[in-house]
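Remarks on the structure that follows.
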Amino acid sequence: MDALVIGAGPAGLMAAEELAAAGRKVVICEAKPSAGRKFLMAGKSGLNVTKDEGQAAFLAAYGADWLAPPLRAFGPDEVRDWCRGLGQEVFAGSSGRVFPLAMKGSPLLRAWLGRLGKAGVELRLRWRWTGFDRDGWRFDTPDGPQVLHPRVVVLALGGASWPRLGSDAAWVPWLQARGVAIAPFRPANMGFAVDWSPHMARHFGQPVKGAALLVGDRRERGEFVVSARGLEGGGIYAVSAALRDGASLCIDFLPDLPVRDVETRLARMKPGETLANRLRKLGLSPVAVALVMEAGRAMGTAAAVKALPLRLAGPRPLDEAISSAGGIMRDALTGGLELRAMPGVFACGEMLDWEAPTGGYLLTGCWATGRWAGRAAAAFAGRTA
């Protein structure tokens, strides 16, 4: 075969599409019984394909300058056009997040797989890569062990989060044995554990809306959820990297109201009122009142409302995270995402050592690096034909 792609997630499918467009004979090997399982899971509550914002802000969200070329070539505008090319119109919400009108990922994936099939791409399901056999690529398949000898390979095996959907990082020791430098995986876009007192139990599952999360010099508006395990949700995920790396968290429950105005409102209240009543009169929701009662009793009321410190007990485990940080290091790759230690082998998606917040950045990053690696792999195959 000309080209082998291992992994049928967004990055792998995009790489296969580029290889096929260049005239290569492409086989995709996927360990699971169907393609795009994490992609479909991500789309269950609304498939956020990209973020509608200026290029400078979009690129800055990735915190990895070396990803700028793929992202400039396939950024938010290109993602929208690509979705429309598959018959899926998109729209931008008030937050700038871009979704297909259908919201779910299944219509987009079905159309995409159909187009790949018409382009001659062969998808082999339940083909699990199990390492190397000298210069061959060894697989466990429904028909027993198989060894393939492709001209060029694109690896799109995902990171280390959601192992039940295929991203289990089993590939790490095989590439390390070939001299590929890999940064240890850590959870990203994850929740945090909190050791709640019993009185918080009746508030589990309740969202905290309209608050600002204060993390170092950063102030992030976003909703989060109080759960039995701690804190989770989009607002927490947006600041999870800093929290994971040791920053502290405070909550401003009235971000549009200066602290002096809060103090003025409190001064107008009747003396002797309970803290809970005073908080309710300020407009805090029941779950927000409970959080202040939980963590702010020793503080002044205004200070607790405007900057309530919450003590976190560490990030939730890697297998609960939306994505992972770590992976194949920048120095192990060429500009075309080829492994320096393994000529003719390219990598893309969450295998790479990059980290982006939720909000469309993850999916766009996977598509962009898959496209970039696929084009570079097609050029390599052409040179070595």
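Points worth noting:
- Taking Cβ atoms as reference points and 14 Å as the exclusive limit, the residues near Pro271 contribute a net charge of +3, counting Lys and Arg as +1 and Asp and Glu as -1.
- Dividing the summed helix terms, -39500 (n - 2.57) for each DSSP H run of n ≥ 4, by the number of residues in the chain produces a 222 nm estimate of -9000 deg cm²/dmol to the nearest 500.
- Computed on the chain, with alpha-carbon pairs under 8 angstrom and 6+ residues apart, the relative contact order is 25 percent.
- In this label model, Arg164 and Met269 are separated by 4.3 nm, measuring between points 7 Å along each Cα→Cβ vector.
- Bridge type composition, the chain - antiparallel percent by DSSP, nearest 5: 70 percent
- Kirkwood Rh (inverse of mean 1/r, distinct Cα pairs), segment 38-77, angstrom: 11.4 Å
- Three-way shape label, segment 246-385, alpha-carbon gyration tensor, a/c 1.5: prolate
- Stretchable slack from Asp135 to Lys209, in nm (0.36 nm times residue separation minus alpha-carbon distance): 21.1 nm
- Calculated FRET value between Ala111 and Ser45, using beta carbons and R₀ = 25 Å, to 0.05: 0.75
- Computed E for Arg260/Asp217 - FRET, C-beta separation, R0 22 angstrom, nearest 0.05: 0.55
- Equivalent-ellipsoid semi-axes of the chain, from the Cα gyration tensor, Å, largest first: 46, 21, 18
- Two-decimal ratio, segment 19-118, of alpha-carbon radius of gyration to 2.2 N^0.38 Å: 1.18
- From the C-alpha gyration tensor of segment 106-194, square roots of 5λ in Å: 26, 23, 12
- Once divided by 2.2 N^0.38 Å, the Cα radius of gyration of segment 192-310 becomes 1.03.
- Alpha-carbon centroid distance for the pair segment 323-385 / segment 160-235, whole angstrom: 24 Å
- Label-point separation, Arg280 to Ala73 (7 Å along Cα→Cβ), nm: 6.0 nm
No value in this document is a laboratory result; all are computed from the given coordinates. No experiment lies behind these values; they were computed from the predicted model shown. FYI the Cβ positions are ideal-geometry reconstructions off the backbone, even for glycines, and counts take in every protein chain you see.
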